[in-house]
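Engineer: Handing you this structure, nothing more for now.
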Amino acid sequence: MYGIDFGTSNTVVTVRDGTGSRLLDLGSGEVVPSLMYFERDRRATIGDEAIADYTEARSRFGGKANLYNSYRFFQALKLALKDTSFKGTTIFGSFWPAESLAGLFLREVKRRADEAVGAERRSAVVGRPVSLSGKAGLVSGDVSPGDVEDAVVARYRAACAYAGFEDVRFVPEPVAAAAGMAGELSGTVLVFDFGGGTLDVAVAESGAGGVRILSSAGRDLGGYLLNEDVSRARITRHFGSEGKIRTMKGNYLDMPRWITDQVASFYALPLSDLAATRRLIKELIYDARPVDKPRLRGLAEFLDRNLTFELFDAIDAAKIALSDGDASEIAFALPPHVSFVERLTRAEFDGVIGRRVDEARALVLEALERAGRLPADVSAVIRVGGSSRVPAFAAMLESLFPGRVREGAVFTSIASGLLAAHDAGLSAA
């Protein structure tokens with residue numbers, strides 16, 4: 001049986017090792033970026049191999065007018081599974097359901113894991129967010145959170161079946177992290193699991209007898225959302241978000257925000273069918289002010305050249321740099337239309353994401369209230385997930401739990417605790 005932390009940003013796999021579990025090297029290390037490269041008549045590649053193929057393809061197909069039809073590069077497929085309004089996408093003339101796309105990624109993960117252990121495994125304990133019925137999953141007011149939970153679990157299960165797994169159990173991600181620390185900590189422990197797609201919190205009682213989960217809570221708040229916030233605050237204007245469109249009567253209207261928001265839709269854009277959007281952007285160029293025309297041309301070129309990941313990576317690198325430094329830069333160029341270097345200080349970044357910090361604080365307090373505990377009752381807070389390193393969130397936790405916050409194994413804590421959680425009866429079919 002495998003323990004699989006299928007994360008929005010990274011994926012990690014463990015396997016039983018005696019009475020515990022061990023991390024598997026999946027060919028390029030224990031942590032594999034949750035990225036997938038897809039090209040016609042070629043095996044899909046994942047992780048660092050996918051990045052290498054994407055980089056090579058940009059050079060190889062550089063002269064073509066629409067690279068979107070030459071290759072596809074997917075990120076955050078886990079978020080696509082959670083979004084029940086997203087059914088799938090057409091790739092090179094064939095429709096791929098969201099479950100099959102995520103399943104194709106997991107199939108390659110399974111192949112690598114089987115190769116690492118020298119045998120095939122068809123059972124797995126898979127991590128999942130605490131809540132699957134967040135705002136991304138609610139299609140309308142007629143859909144209940146329970147219905148969404150069931151629908152998304154079914155999609156997870158279908159993706160795992162596509163990958164070749166026959167027996168799959170699920171464990172909430174912060175619960176897995178808490179279970180993995182059984183015996184290491186005592187008293188009331190709060191796990192703050194802040195990853196690429198979601199923020200999940202668990203409150204547990206830990207001691208020599210094991211771990212007892214008191215409460216958990218989660219919401220659609222992760223590193224991707226922080227990057228989108230930065231893009232909307234500092235980047236979309238370079239692609240015409242502050243532009244004007246001339247009407248037939250000679251009046252000027254504001255540029256529709258959904259058009260330029262394409263450069264902030266880092267997970268959704270690679271999954272979209274963009275033909276109609278590209279046509280509309282090219283039509284808007286004729287009615288735009290002269291100062292806005294190059295920016296819209298840059299937006300059209302951005303879509304044609306399949307550059308979503310390149311911009312995301314530039315923003316993400318700048319965000320990560322702010323964890324240790326006071327300032328960073330976001331540099332991006334798409335000659336001759338767009339070229340910019342945005343300097344971002346930590347104070348400016350904190351201002352952009354301030355409401356997200358407030359949302360995270362409210363979720364922590366909600367989890368404590370559900371557990372019947374106060375901040376003073378907590379003996380230790382464990383931060384896991386790459387986004388937990390963002391200083392503003394670490395400072396928020398320190399203000400609530402002074403001197404009791406520590407960093408866990410940021411990228412591997414969940415995977416390391418999945419099998420332990422299953423053995424403790426904390427998994428569900």
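The values are calculated or read from the model by the stated rules, or taken from the named source; none is laboratory data. Only a predicted model underlies this, so the values are computations on that prediction, with no experimental measurement involved. Please note: Cβ atoms are built from the backbone with ideal geometry, for glycine as well, and neighbour counts cover all protein chains shown. The accessibility values were calculated without ligands, DNA or RNA, using every heavy atom of the protein model including side chains. Shrake-Rupley method; radii C 1.70, N 1.55, O 1.52, S 1.80 Å.
Engineer: Could you list all residues from the stretch 1-57 that are over 18 Å from the mean Cα position of the chain (by Cα), within 19 Å of residue 168 (Cβ to Cβ) and among the β-branched types (Val, Ile, Thr)?
Structural biologist: 14, 15, listed by residue number.
Engineer: State all residues of the stretch 284-293 that are in contact with a strand residue (DSSP E or B) (Cβ under 8 Å, 6 or more places away or on another chain) and either hydroxyl-bearing (Ser, Thr, Tyr) or open to solvent by less than 20 Å² (accessible area, probe 1.4 Å) (or both); if no residue qualifies, say none.
Structural biologist: Selection gives 288, 292.
Engineer: Now for a separate question. With the requirement that a residue be part of a loop (DSSP other than H, G, I, E, B) and under 13 Å from residue 165 (Cβ atoms), what does the stretch 95-125 give you?
Structural biologist: 120, 121, 122
Engineer: Among (1) of a type outside the set (Phe, Trp, Tyr); (2) in a helix (DSSP H, G or I); (3) modelled with pLDDT of 90 or more, which single condition is residue 279 missing?
Structural biologist: (3)
Engineer: Check off (1) in contact with a Ser or Thr (Cβ under 6 Å, 6 or more places away or on another chain); (2) free of Cβ contacts under 8 Å to residues at least 12 places away in the same chain; (3) closer than 18 Å to residue 232 by Cβ; (4) not aromatic (Phe, Trp, Tyr) for residue 351 and give me the number that stays unchecked.
Structural biologist: Failed condition: (1).
Engineer: Now for a separate question. Give the residues of the stretch 199-214 that are open to solvent by less than 10 Å² (accessible area, probe 1.4 Å), touching a residue at least 60 places away in the same chain (Cβ under 8 Å) and either of a type outside the set (D, E, K, R) or under 14 Å from residue 186 (Cβ atoms) (or both), sorted by residue number. Outline the logic, then answer.
Structural biologist: Of all residues in the stretch 199-214, those open to solvent by less than 10 Å² (accessible area, probe 1.4 Å) come to 199-204.
Narrowing further to those that are touching a residue at least 60 places away in the same chain (Cβ under 8 Å): 199-203.
199, 201, 202, 203, listed by residue number.
Engineer: Of the residues 78, 87, only one is among the charged types (D, E, K, R) and buried (at least 23 other Cβ atoms within 10 Å of the Cβ); which?
Structural biologist: Values: 87 fails: buried (at least 23 other Cβ atoms within 10 Å of the Cβ).
Matching residue, one of 78, 87: 78.
Engineer: Next question, about the same structure. If I go through the stretch 215-259 residue by residue, how many of them are aliphatic (A, V, I, L, M), at pLDDT below 95 and open to solvent by 10 Å² or more (accessible area, probe 1.4 Å)?
Structural biologist: Qualifying residue count for the region: 3.
Engineer: Are there any pairs, at least 6 apart or on different chains, whose C-beta atoms fall under 7 Å, with the first in the stretch 356-371 and among the hydroxyl-bearing types (Ser, Thr, Tyr) and the second crowded, with 19+ Cβ neighbours inside 10 Å and not in a helix (DSSP H, G or I), and if so, which?
Structural biologist: From residues that are among the hydroxyl-bearing types (Ser, Thr, Tyr), there are no pairs.
Engineer: Would you mind telling me which numbered condition in (1) hydroxyl-bearing (Ser, Thr, Tyr); (2) free of Cβ contacts under 8 Å to residues at least 12 places away in the same chain; (3) within 30 Å of residue 417 (Cβ to Cβ) residue 55 fails?
Structural biologist: Among (1) hydroxyl-bearing (Ser, Thr, Tyr); (2) free of Cβ contacts under 8 Å to residues at least 12 places away in the same chain; (3) within 30 Å of residue 417 (Cβ to Cβ), the lone unmet condition for residue 55 is (3).
Engineer: Name every residue in the stretch 195-210 that is at pLDDT 85 or above, out of contact with any Leu (no Cβ under 6 Å at 6 or more places or on another chain) and not in a strand (DSSP E or B), in order of residue number.
Structural biologist: If the condition is that a residue be at pLDDT 85 or above, out of contact with any Leu (no Cβ under 6 Å at 6 or more places or on another chain) and not in a strand (DSSP E or B), then 195, 196, 198 are the ones that fit.
Engineer: Here's a follow-up. Which of the residues that make up the stretch 294-318 are more than 15 Å from residue 33 (Cβ to Cβ), in a helix (DSSP H, G or I), out of contact with any strand residue (DSSP E or B) (no Cβ under 6 Å at 6 or more places or on another chain) and open to solvent by 20 Å² or more (accessible area, probe 1.4 Å)?
Structural biologist: Within the stretch 294-318, 294, 295, 297 meet the criteria.
Engineer: Residue 122 fails exactly one of the following numbered conditions: (1) over 21 Å from residue 156 (Cα atoms); (2) surrounded by fewer than 16 Cβ atoms within 10 Å (Cβ to Cβ); (3) touching a strand residue (DSSP E or B) at 6+ places or on another chain (Cβ under 9 Å); (4) not aromatic (Phe, Trp, Tyr). What is the number of that condition?
Structural biologist: Result: residue 122 fails condition (1) only.
Engineer: Oh, and also: Suppose we filter 379, 399, 387 for residues that are at pLDDT 95 or above, over 28 Å from residue 231 (Cα atoms), among the polar types (S, T, N, Q) and in a helix (DSSP H, G or I); which single one remains? Reasoning before the result, please.
Structural biologist: Numbers: 379 fails: in a helix (DSSP H, G or I); 387 fails: over 28 Å from residue 231 (Cα atoms).
After ruling out the rest, the residue left standing is 399.
Engineer: Additional query: Are any residues in the stretch 334-357 basic (Lys, Arg) and open to solvent by 60 Å² or more (accessible area, probe 1.4 Å), and if so, which ones?
Structural biologist: 343, 346, 355
Engineer: Something else about it: Suppose we keep only residues that are open to solvent by less than 50 Å² (accessible area, probe 1.4 Å), more than 19 Å from residue 127 (Cα to Cα) and charged (D, E, K, R) within the stretch 1-59. Which one would you say is modelled with the highest pLDDT?
Structural biologist: Residue satisfying both the conditions and the ranking: 53.
Engineer: Inspect the stretch 262-275 for any residue being farther than 19 Å from residue 72 by Cβ and open to solvent by 60 Å² or more (accessible area, probe 1.4 Å) and give the result as yes or no.
Structural biologist: No, the conditions are met nowhere in the stretch 262-275.
Engineer: Looking only at the stretch 123-132, decide whether some residue is of a type in the set (S, T, N, Q), within 24 Å of the chain's Cα centre (by Cα) and either modelled with pLDDT of 90 or more or more than 16 Å from residue 80 (Cβ to Cβ) (or both).
Structural biologist: yes
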